[in-house]
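Engineer: Here it is, the structure, as structure tokens.
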Amino acid sequence: MKPFVGQSLERLEDDRLLRGEATFVDDIMLDDMIYLAVFRSPIAHGRIIRVDLTRAKEMNGVVAAFAGADFDALPKIPLRLAPVEGVARFLQRPIARDKVRYVGEPIAVVLATTPELAEDALELIDIEIDQLQPVVDWATASTPGALLFEENNTNVTARYTVSEGDMAKAFAAAAYTRRETFYCHRHTALPMETRGLVASWDETDGRMKIWGSTKVLWFNRKTTAEALGLEMDQVHMMGTDVGGGFGVRGELYPEDFLVPFVAKKIGRPVKWIEDRREHLMATNHSREITCDLEIACSREGLILGLRGTVYGDMGAYTRTNGGIVPVRTAQFLIGPYRIRALEFDVAIFVSNKTPVGTYRGPGRFEANFFRERLMDMAANDLGIDPAEFRSINLIREDELPYSTGKLVPYENPFIYDTGNYQTGLDRVLEAIGYDRLRALNGKEIDGRRHGVGLTCFVECSGGGPKENSRVVLERDGTISVHTGCSMIGQGLETALTQLAADTLGIEMKHIRVHNASTENLDEGFGTFASRGAIRGGNAVVDGAKNFIEQITRFANEVMDRAANDLQWANGAITDHDGTILYDLPTLAKYAAEREQSVEANGSYFSTGLTFSYGAHAAYVAVDPRTGAVEVLDYYAAEDIGVAINPMVVHGQLIGSIVQGLGGAFLDHLIYDEDGQFLTGTLADYLVPTATDFPKVRGESYGEKLASTNPLGVKGAGEGGIVGVAGAVANAVAAALRPLDVKITSLPLSPPLLWKSITETANQVSSN
Amino acid sequence: MTDVAIALTVNGQNIKVSVEPRLTLAALLRRRLRLTGTHLGCEHGVCGACTVIVDGDAVRSCLILAVQADGVEITTVEGLAHGETLSPLQSAFKKHHALQCGFCTPGILTTMHALLSEEPDAAEERIRHVLSGNICRCTGYLPIVEAVLEAAEAYRKKAQP
Amino acid sequence: MKPAPFDYARPNTLAEALSFMTAEDAKPIAGGQSLIPLLALRMTAPKLLVDISRIAELKGVEFDSGYIKLGALTRWCDVLKNRKLAVQHPLLVEAIGHTAHYQIRNRGTVGGSCSHADPSAEMPAVAVACEAQFEIKSLRGTRIVPADEFFVSVLTTAIEADELLVSIRLPAWPPARRYAFQEFSRRTGDFAMAGCIVFWDDEDGRCANPHVGVFGVADTPLRIRDVERVLLNRPITTNVIAEATSALREAVIPQDDLHAPSAYRSALLGVLLERALLSASSRKREEVA
């Protein structure tokens, strides 16, 4: 049988999605269900004087309303990742108590018999808040004045320095240095499905069922149970179809505590579905980083050192993701380059904005933009072609494994294991037609300036060392596979089925991979850092192998044969000579007769991470009079080791590139100087549509397998986004070089680009 | 505020309901008729996830009040397949991996079905232009356009006498 | 984002509708493509919604010798599919092609858009540039309001609480007219960040009867008489274009807003005017069979 792994098979999850028969959390309708709406702070920073629920409670159709002290039994939302020293002092209560610290922070909840009535009731809540001076950036955070947490006497949650090598020597020896300040703007994932939860408490059973959680179900279950004063096995997180995660869905938010808490209190199933306006102000923001960066090079373009300061605006609270975004930014500044002297000072601070968390390629999108821009500036100053500059500095294959040094205070250094970074770049240069395009850099054609730009990247995936699986023989002879990795639309169901089918040697149609649910597995770890195929996949393979052992043992027992007399081959129990004796349906019948279950657990544990890598190239035309940029061509290449399903992997690449183009040009979460949130609908928060970036190409290939897992597979969900800002910014900069425009800031929106162009022109003309 | 009685046809079935005036068509389909294939992505008429076909036109069901749908014929995503068999458009989506999380997909299927039914010769530029009214966060749109171009063949065949 | 509660009436005739409009806090709804988002965001909460979408008297496109009459319920898709309109008023059809998206064009109406009066919308801009006339009725009678009086401010028109917009009349469009429509938006179908409409009648290579309209840059769409004065009776040369954009810069100072600062919009508008003038002067009016 031809292996399923490696084939571009149509996805199993598609049928129900295409028919409109999937079950997303808002599709769950339980008897006696009531609807929860959240009253959210309309101001950015203030002291709560009064919250009056009287009128809301009296409204027809309102079942209950709660605020502040009603939730005192709930703990603060815990840290799950990136426990940088200091950040844990700034955790969030699920409901605002004495202060509000961002527009959108929950202050009260109402429950009513319809979602419309719940929203009506919000308008009957009376509040009085004394406004306080807001903190909106590093300047206002770091100078004495407004404090978000008076008890901490600072807005800086953490500050640390990491360094490797001899920086003083590097700069002393350098023939060339350059220092610039870069800025990546606040934006976010915007999945098409907003968040939502359904919680149902059964008083007789003492069981709480929750739908709508994802990503890290077991962590969420454990934390929720503790918060509610329940045993872990009293709480179950049920799997649903999920309309995109991208890192922002599945972390614990205030509502993850409020909804089940209220469901238990009232004793009726409670549904909460976030509307889009709420989503924009309540679901994790990301990416807002300022980086002051300095490079030291030899005259020949060899990078001797890279140093700087990373400022991470984390929003009003530290939530589950800790300080992850600025932490990863600093860590990924080195990228795939041989830079022996590194020194980064990381400053993480709170501001009166929505809290920040992971968004696809967290810290990488930003770091790659900062570093690749500075590299292009250096290359230009030194008169070296940008591609050549990169080749000089890319880590060579014979230099791997390569340790980056300790760039994260609480983690071991990354060891880039396998790779041929130059090949990744070569593929992109060839595909985009770099030699032809660079001759057009800065040229004006039909009123527009043309430019080509590059970025090289290395991307780490597969974190969180362990994953589990369970493989079960069902009554009808089919195989159920349970995994700890949630489905979020990434094709995992199909990929895991392919792996299981190959291991078991049976057709895919006999296997059903179930969505992660705490009811099906004692312990799982989750879907994040593109680990589904790596950790989840290897765990399924292990589980399937263990299952073969189990079913063979079972068959030997049933047939009263000596151990290992019968074998498993070609998807069935066979005799020594390969004669098929018992197929799965037959074995299932025997198991049923004996009231026995045939199943096996699997797991995969490795501290080894995987490192995909590659390059991006963008070719643009810039209209200097309007600031409009057209992406004429885009190409990315990523070495992902092994593609379980090449079609699915390619879909991830293209989808993440387009999402990244949105991040570079369109997506923008905007606050005014009072911390008032301004981009509250999809008319203001812009994301790519079908006409914005029609020319996007790329390839995922497997030249170097991952050395840290048996399948050799690397994560493929984020490489497509991490290089986009660097590539397009470099292309725009190359296009505008004759006009001497400095590109150091995102987004590259028409008004902002026009401003840079005009300011430069004004400077030039006034000189 | 008084409920209003309406009668309409949904996927070939005659429906009679009484609704409050502010209930949107999307909410009627999802909550009253349990046709949850039509999704709500924004509720203010931008994302297109809620698109259904009303009297042959692709429209945003979050921008129609249920009471305004009195007397109309509606096709939702649930009405596109031919029983067990996926429609040519749905099959093409599967073949070209034109969906990932699937949340925006029903709105795109109905939009493209309406477009191709009326314009089976639609070229890529026209398809993209119409598709610009539906937001997808997962696919980057390329495979969707490919799928629609392939499916158009089936609509052209049907259009020929 | 669910609307606040309201009552609903669906009159069959215009007379019935006008009667309902005398009720307290009544608002008409047609396609709902502008109104329902406002209701969902609770930016408006009328007591009574009067559904006028099935009233025959408000439908239809009529061609008379001196004008084209668009019933208020004329949908965008009706305009785009109307072959006679494509010939009789190509500017209108081109402008509507930029309006919103496919699904919205199946429901949104010319009357709804003008009553909503978003300063960045295309239809109000065409109405102002073309000196359209708005037919407004109430139980008290009928009045005709010219476009430059109809649009009062952002989302505000001259329509009074008990009145309904019945039709919009556009002056007939000479076949040889030179025109251009230029709009700049972030993405396809987005509201314009700035837009410019120009047209004139050619008299021996000179500009007669020039009309210059701008939108997306002020509280309402505007006709810029200062620029029209620059163009009048002159050929469209590089110097004339430069003078025209200079006059425009003086005449219109856009406000800063979330999407763009004033200086950007002003510069953008200048570029659009220049492109419109160039485009219109080289455009030849072709007969469409």
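Engineer: Give me the one-decimal nm value for the distance between modelled label points at A:Asp398 and A:Thr54, 7 Å along each residue's Cα-to-Cβ direction.
Structural biologist: 8.3 nm
Engineer: Give me a single rounded figure for C:186-194: the average over its residues of other chain Cβ atoms within 10 Å of their Cβ.
Structural biologist: The per-residue average across the peptide is 5.
Engineer: How high is the relative contact order of chain C, in percent, counting Cα pairs under 8 Å that sit 6 or more residues apart?
Structural biologist: The value is 16 percent.
Engineer: What residues from region A:368-391 fall in the zone where the backbone N is under 20 Å from a label point 7 Å along the Cα-to-C-beta line of A:Arg340?
Structural biologist: Counting backbone N atoms under 20 Å from the label point, the list is A:389-391.
Engineer: At what distance in angstrom do the alpha carbon centres of region A:615-642 and region C:215-289 lie from each other?
Structural biologist: 32 Å
Engineer: Something else now. Net charge around C:Asn233, counting only other residues with Cβ within less than 13 Å of its Cβ (Lys, Arg = +1; Asp, Glu = -1)?
Structural biologist: My count for the surroundings of C:Asn233 gives -2.
Engineer: Find the eigenvalues of the gyration tensor of the Cα atoms of region A:239-385, then list the square roots of 5 times those eigenvalues as equivalent ellipsoid semi-axes, largest first, in whole angstrom.
Structural biologist: 41, 14, 12
Engineer: When the Cα centres of region B:126-161 and region A:377-397 are compared, how far apart do they sit, in Å?
Structural biologist: 42 Å
Engineer: Shifting gears a bit: Please list the helices of chain C that count as membrane-span-like by this rule: a mean Kyte-Doolittle hydropathy of at least 0.0 together with Cα atoms stretching 27 Å or more along the helix axis, each helix being a complete DSSP H run.
Structural biologist: On the way: long enough: C:262-282 (30 Å, 0.76).
Long hydrophobic helices here: C:262-282.
Engineer: Further question on the same structure: As an exercise, identify the GluC sites (Glu not before Pro) in region A:547-628 lying in DSSP coil whose Cβ has no more than 14 other Cβ atoms within 10 Å.
Structural biologist: Loop-located and lightly packed - A:Glu595.
Engineer: Where in region B:56-94 does the label zone of B:Lys157 land, with the point 7 angstrom along Cα→C-beta and an amide N cut-off under 18 Å?
Structural biologist: Within reach of a label on B:Lys157: B:81-94.
Engineer: State, as an integer percentage, the relative contact order of chain A based on alpha-carbon contacts under 8 Å between residues 6 or more apart.
Structural biologist: Details: 1925 pairs, mean separation 121.0, N = 767.
Once divided by the residue count of chain A, the mean separation gives 16 percent.
Engineer: What is the average number of partner chain Cβ atoms found within 10 Å of a Cβ in A:688-699? Show your work: numbers first, answer last.
Structural biologist: On the way: counts 7, 17, 19, 11, 6, 3, 7, 1, 3, 1, 1, 0.
Mean number of neighbouring Cβ atoms from other chains: 6.
Engineer: Toward the positive end of the charge dipole of region C:178-282, about the Cα centre and with charges on Cβ (Lys, Arg +1; Asp, Glu -1), which of C:Ala244, C:Leu232, C:His211 goes farthest?
Structural biologist: C:Ala244
Engineer: Here is a further query. As an exercise, use a Förster radius of 35 Å and the Cβ-Cβ distance of B:Glu125 and A:Glu128 to find the FRET efficiency, rounded to the nearest 0.05. List each step's numbers first, then the result.
Structural biologist: Details: r = 56 Å, r/R0 = 1.60.
FRET efficiency, B:Glu125 to A:Glu128: 0.05.
Engineer: Short version: ³J(HN,Hα) in whole Hz for each residue of region B:38-43, in order, from phi by Karplus 6.51 cos²θ - 1.76 cosθ + 1.60 (θ = phi - 60°), x for Gly and Pro, what are they?
Structural biologist: Karplus values, whole Hz, x for Gly and Pro: 7, 10, 10, x, 8, 6.
Engineer: Sticking with this one: Ranked from highest to lowest mean number of other Cβ atoms within 10 Å per residue, what is the order of the peptides A:254-265, A:401-412?
Structural biologist: Working: A:254-265: 23.6, A:401-412: 16.3.
Going by the mean number of other Cβ atoms within 10 Å, highest first, we get A:254-265, A:401-412.
Engineer: What length, rounded to one decimal in nm, is gained on full extension from A:Asp583 through to A:Phe605, with 0.36 nm per residue of separation minus their alpha-carbon distance?
Structural biologist: Gain in length upon complete extension: 4.8 nm.
Engineer: Here is a follow-up. Pick out, in residue order, every one of the GluC sites (Glu not before Pro) in region A:112-147 that is DSSP loop and has at most 10 other C-beta atoms within 10 Å; say none if there are none.
Structural biologist: Within region A:112-147, no GluC sites (Glu not before Pro) qualify (loop, at most 10 other Cβ atoms within 10 Å).
Engineer: Check which residues have an amide H placed less than 5 Å from A:Arg195's amide H, if you skip close sequence neighbours.
Structural biologist: A:Glu274
Engineer: Next question. I need the trypsin sites (Lys or Arg not before Pro) found in region A:1-107, filtered to DSSP loop residues with at most 12 other beta carbons within 10 Å of theirs.
Structural biologist: Working: sites: A:Arg11, A:Arg16, A:Arg19, A:Arg40, A:Arg47, A:Arg50, A:Arg55, A:Lys57, A:Lys76, A:Arg80, A:Arg89, A:Arg97, A:Lys99, A:Arg101; in loops: A:Arg11, A:Lys76, A:Arg80, A:Arg97, A:Arg101.
Counting only loop positions with at most 12 other Cβ atoms within 10 Å, none of the trypsin sites (Lys or Arg not before Pro) in region A:1-107 qualifies.
Engineer: So what J values fall out for region C:224-233 if you push phi through Karplus, 6.51 cos²θ - 1.76 cosθ + 1.60 with θ = phi - 60°, rounded to Hz, Gly and Pro as x?
Structural biologist: Ordered by residue, 3J(HN,Hα) equals 9, 4, 4, 6, 4, 5, 5, 7, 4, 6 Hz.
Engineer: Take A:Ala69 and A:Arg47, extend 7 Å from each Cα along the Cα→Cβ direction, and tell me the distance between the two endpoints in nm.
Structural biologist: 1.8 nm
Engineer: Turning to a different aspect of this structure: Let me confirm one metric for peptide C:251-262, namely the mean number of other chain beta-carbon atoms within 10 Å of its residues' beta-carbons.
Structural biologist: 2
Engineer: Go ahead and run the numbers for FRET between A:Glu630 and C:Leu80, Cβ-Cβ distance against an R0 of 22 Å, rounding to 0.05.
Structural biologist: So the FRET efficiency works out to roughly 0.30.
Engineer: Cβ neighbours within 10 Å, averaged per peptide: list A:681-689, A:237-245, C:250-258 in order, most packed at the top.
Structural biologist: A:237-245, A:681-689, C:250-258
Engineer: Whole angstrom only: what separates the Cα centroid of region A:454-521 from the Cα centroid of region A:124-152?
Structural biologist: Using only Cα atoms to place each centre, the spacing works out to 46 Å.
Engineer: At 7 Å along the Cα-to-beta-carbon direction for both B:Asn14 and A:Asp205, put a label point, then send me their distance in nm to one decimal.
Structural biologist: That separation, rounded to one decimal, is 4.1 nm.
Engineer: Moving to a separate point now. How high is the relative contact order of region C:57-171, in percent, with contacts defined as C-alpha pairs under 8 Å that are six or more residues apart?
Structural biologist: Relative CO of region C:57-171 lands at 29 percent.
Engineer: Summing +1 for each Lys or Arg and -1 for each Asp or Glu, what net charge is found among the other residues whose Cβ lies under 15 Å from the Cβ of A:Asp565?
Structural biologist: Once all neighbours under 15 Å are counted, the net charge is -3.
Engineer: About the Cα centre, and with charges only on the beta carbon of Lys, Arg (+1) and Asp, Glu (-1), how big is the dipole of the protein assembly as shown? Nearest 20 debye, please.
Structural biologist: Charge dipole, the protein assembly as shown, about its Cα centre: 1120 debye, nearest 20.
Laboratory data are not the source of any read-out in this text; all were calculated from the coordinates shown. Quantities reported herein were computed from a predicted structural model and do not represent experimental measurements. Here the Cβ is made from the backbone with ideal geometry for all residues, glycine too, and neighbour counts use every protein chain on show.
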